[in-house]
Every structure is written in C-alpha cells, then in structure tokens.
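First the structure, which I've put down as structure tokens, then a few questions once you've had a look.
The values are calculated or read from the model by the stated rules, or taken from the named source; none is laboratory data. Model, not experiment: these values are computed from the prediction. Heads up, the Cβs are rebuilt from the backbone with ideal geometry, glycines too, and the neighbour counts pull from every protein chain shown.
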Amino acid sequence: MNIVILGSPGSGKGTQAKLIAKEYNITHISTGDLFREILKKNCPLKNKIKKYVDRGLLVPNEIVVKVVKHKIQQENSKRGRMHESTAGFLLDGFPRNKFQAETFDKYLEKNNSQIDLAIFLKVNKKISQKRLQARRICPKCLKNYNLITDPPKVDELCNLCKIKLKQRIDDTSTVIAQRLKIYDQEIQPIVNYYRSKKKLVTVEANKSIEEIFQNITHLIKNFTKCQKKDTLN
Ligand code: AMP
C-alpha cells in the first residue's frame, strides 16, 4: 500500500506518518527529514537546498523528485525488492505541489505502481501555528518533540541523545508565515488532483494524536475493503 499524507506545516503529518508506517509496516519517507539529513552533511546538494529550507521556500521540483526516487530505490534494494511495484511507502511532505504529484505518478506508473491513498489532515491555522512554535528537534538524531503534546522526559533534553533540543531554523514566526503562505497556494490543486482520482480521504486534525490516528486507521480499513470489493467485482 502506497500512501501520501497531506496537511499544513504543524498539522501533525510527521507524527501520524510514523504511527501509520509502524502499524502497516510500510516505509516512512519524509522529504523534510531527508533534506535535514542532507543539511547535516558536507555534500554538494547541501549548498543547493540550504537557502530554500532555511527560508521556508520549496526546494526546486527536479531536486525533490530525484531525492524521493533515490530514497525509494534505496529502500527497495535494502528490502531486497527489485521493482517499485512491490514497495509499500508513506510519503510525508511530498508532493508539495501538483507538478510533483503528477511527475511522481508517471514515475510510479512506469514501474507498475501507484499511490493508493491520499490522507488529507485538515487543521485550524491557529492550532498549527501553536504546534509549530512548540516544536523542538534534537540536533543530533533529528527526533521531533512538541513541548505541549509530546514533551521530552527531562527538561528540553532529547530522550535518546540527552542533549539540548533546538527550535528548527524554519520554525521561527517569519519563516512559519512564509511556509503557511506557500502551503495555502499549493494545497488545493493537490487535493483536487487526488480527489479526482478518488483517492482522497479527509481527516479532521484539530484533535489529539490518538483520536486522529484512530480515525485514520478506520478510514484505511474502509478504503482497503472498498478496493478489495472493486477488484472482486
Ligand atoms: P517539512 O519538514 O516537511 O516542513 O519540510 C521542511 C522544508 O523542506 C520545507 O520548508 C521545504 O523547504 C523543504 N521541502 C520538504 N519537502 C518538500 C517538497 N516536497 N518540495 C519542496 N520542498 C520541500
């Protein structure tokens, strides 16, 4: 099963993506995490993407698509799979515009694969801003925390690395505003795209982590039931 999870910055995509990936044993691919990993290294790609990520702007499509394809191929060979068609993944933070959605669909089609489901997390803007301001990240292992909903066990220290958590450079109020502006411009065409393909489910995300997850698993169950029925008919 291949899934994309859509939602504004601060909608809880990352948190839900990790839970879904674990529940269904599929690979979680977060483009934001991939870019943050690249930024930690000293490689030529770092210089190409840094100015975009730091300012909350979208990294150019050709770079993003290349990075996602590379990651999928890497994961497939890690799991001993020969073709994308046999993979199961959950994309978080991708696609960020209609072009990425279409380009990626063409790539999957060539590999006899497809996106099965797009989960759209709908959240109130004020709530997402509050969540983003409370978000912290471990500079070493890049694990995410939220000081309100998912705080570390001790002060502001990473549970695993025991070092001081930081605010992401793109979680400052000016950059948050920029990211939300881009999101507002890009989201509707993506939602329409997956809706027209009858792959979209919308989940109310102004709720607790557990409630949202329960709703998502319920929707996935219904969705896969319907798909099975369609194949049998
Ligand atoms: P995120 O962690 O998903 O909020 O992503 C952090 C940053 O990485 C974004 O603000 C963008 O600069 C970049 N980024 C992540 N995913 C994409 C994407 N699909 N397209 C373009 N830029 C992206």
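Determine if the range 155-175 includes at least one residue that is within 12 Å of the ligand (Cβ to nearest atom) and of a type in the set (A, V, I, L, M).
So far as the range 155-175 goes, yes, one or more of its residues are within 12 Å of the ligand (Cβ to nearest atom) and of a type in the set (A, V, I, L, M).
What about PHE35, is it farther than 27 Å from ILE137 by Cα, among the hydrophobic types (A, V, I, L, M, F, W, C) and free of Cβ contacts under 8 Å to residues at least 40 places away in the same chain?
The answer is no for PHE35.
Can you name the residue in the range 186-225 that is closer than 16 Å to SER11 by Cβ and among the small types (Gly, Ala, Ser) and, of all such residues, is modelled with the highest pLDDT?
ALA205
Find all pairs meeting these conditions: Cβ atoms under 7 angstrom apart; at least six residues apart or on different chains; first residue within the range 177-193 and touching a residue at least 40 places away in the same chain (Cβ under 8 Å); second residue more than 9 Å from the ligand (Cβ to nearest atom) and part of a helix (DSSP H, G or I).
LEU180/LYS125; PRO189/LYS98; ILE190/LYS98; ILE190/ALA101; TYR193/LYS98; TYR193/ALA101
Looking at the range 34-47, which of its residues are more than 12 Å from the ligand (Cβ to nearest atom), in a helix (DSSP H, G or I) and of a type outside the set (A, V, I, L, M, F, W, C)?
LYS40, PRO44, LYS46, ASN47
Residues to consider are ALA17, ALA21; find the one that is of a type in the set (A, V, I, L, M) and more than 26 Å from GLN188 (Cβ to Cβ).
Answer to the selection: ALA21.
Show me the helices (runs of 4 or more DSSP H) entirely contained within the range 51-146 in which 1 or more residues are closer than 19 Å to LYS181 by Cβ, within 14 Å of the ligand (Cβ to nearest atom) and over 17 Å from the mean Cα position of the chain (by Cα).
Hits in the range 51-146: 125-133.
From the residues in the range 20-33 that are surrounded by 19 or more Cβ atoms within 10 Å (Cβ to Cβ) and within 12 Å of the ligand (Cβ to nearest atom), which one is nearest to ILE176 (Cα to Cα)?
GLY32
Here's another thing I want to ask about it. If ASP170 passes every condition in (1) over 17 Å from the mean Cα position of the chain (by Cα); (2) surrounded by 15 or more Cβ atoms within 10 Å (Cβ to Cβ); (3) not aliphatic (A, V, I, L, M) but one, which one does it miss?
Only one criterion in (1) over 17 Å from the mean Cα position of the chain (by Cα); (2) surrounded by 15 or more Cβ atoms within 10 Å (Cβ to Cβ); (3) not aliphatic (A, V, I, L, M) is unmet by ASP170, namely (1).
Which number in (1) of a type outside the set (Ser, Thr, Tyr); (2) crowded, with 18+ Cβ neighbours inside 10 Å; (3) assigned to a helix (DSSP H, G or I) marks the one condition that VAL203 misses?
Of the numbered conditions (1) of a type outside the set (Ser, Thr, Tyr); (2) crowded, with 18+ Cβ neighbours inside 10 Å; (3) assigned to a helix (DSSP H, G or I), the odd one out for VAL203 is (3).
Take the conditions hydrophobic (A, V, I, L, M, F, W, C), under 30 Å from GLN188 (Cβ atoms) and at pLDDT below 95 and apply them to ILE72. Does it pass? Steps first, please.
Numbers: hydrophobic (A, V, I, L, M, F, W, C): yes; under 30 Å from GLN188 (Cβ atoms): yes; at pLDDT below 95: yes.
Here the answer is yes, as ILE72 does meet what is asked.
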